[in-house]
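The values are calculated or read from the model by the stated rules, or taken from the named source; none is laboratory data. This one's a predicted model, so the numbers in the text were calculated from it and none came from an experiment. Cβ placement follows ideal geometry from the backbone for every residue including glycine, while neighbour counts extend to all protein chains displayed.
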Amino acid sequence: MAIAAFFDLDKTILAKSSSFVFAKPFYKEGLIGRTDVVRSAYAQFMFIASGADHDQMETMRKYMSELVTGWEVAKVQTIVSETLDTIVDPLVYQEAVDLIAHHKSLGHHVIVISSSGTDVVEPIAARLGADIAIGTQVEIVDGKYTGDITFYAYGEGKAEAMRDLAHEHDFDLSNCYAYSDSHTDVPMLYAVGHPSAVNPDSELREIANLNNWPILDFEKPVSMKVKIERRQAVAAGASVAIGAVALGVTWYAKRRNSLRA
């Protein structure tokens, strides 16, 4: 059976929250107002300072739902694509890049699973060379977000997605790996045989110690442009990105069909 390595994104691969680093370009392009920029900055500070708890994650879910309602999907994707290098590149942990490369060298599938929206998660995951990207999914009608969150990649939702992917791709979860910083991702970590806590919040550090899980401290944010060979980045942009989007869409489609059934 195949082996996969599941990575959370924020504070595990990236030094900041992927959902909020795009606040400035979204403001510049008129998608959000000045108040939203301030709220995003405050949320980013709280996220870094203490780690998000359940109530904060639910607040983020409500905020995301209200914020994106009516946004044109194509415009969001264009902004993310055009600003990805300058916004995200200095925020990637070198240790995470090396760990992803290690898993790839072993023939493992690399999967990024994050509570951020799919249109943010997928291009970042593709740039990193991930095979599959799963993020929070917002309903799209006539090319615009309705604000209805059809899948929230948080808590037990992440573990559910992992089990579905394991069934679909024949992953042996008992031999798979998972990496996260937050105690809200404990279901994700318990779902695999080889969990690790990365830059853990206090609650997760305690849980990791009780379970004798490895604790990894990542502290070297670098530029993907500099540290990942150009040919790898080109390959990720040309093929892996398409694969990540296609697999993600396939998974979401199957999930929608199963819910309707």
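Taken over segment 117-173, the criterion of being without any contact (Cβ under 8 Å) to a residue 60 or more places away in the chain and among the β-branched types (V, I, T) is satisfied by V141 alone. Can you find a residue that is modelled with pLDDT under 95, of a type in the set (K, R) and crowded, with 21+ Cβ neighbours inside 10 Å anywhere in segment 139-150? Scanning segment 139-150 turns up no residue that is modelled with pLDDT under 95, of a type in the set (K, R) and crowded, with 21+ Cβ neighbours inside 10 Å. Of the residues making up segment 165-217, those that are at pLDDT 95 or above, closer than 19 Å to K16 by Cα and acidic (D, E) number 0.
Taken over segment 97-156, the criterion of being over 21 Å from S182 (Cβ atoms), in a strand (DSSP E or B) and of a type in the set (S, T, N, Q) is satisfied by T146, T150.
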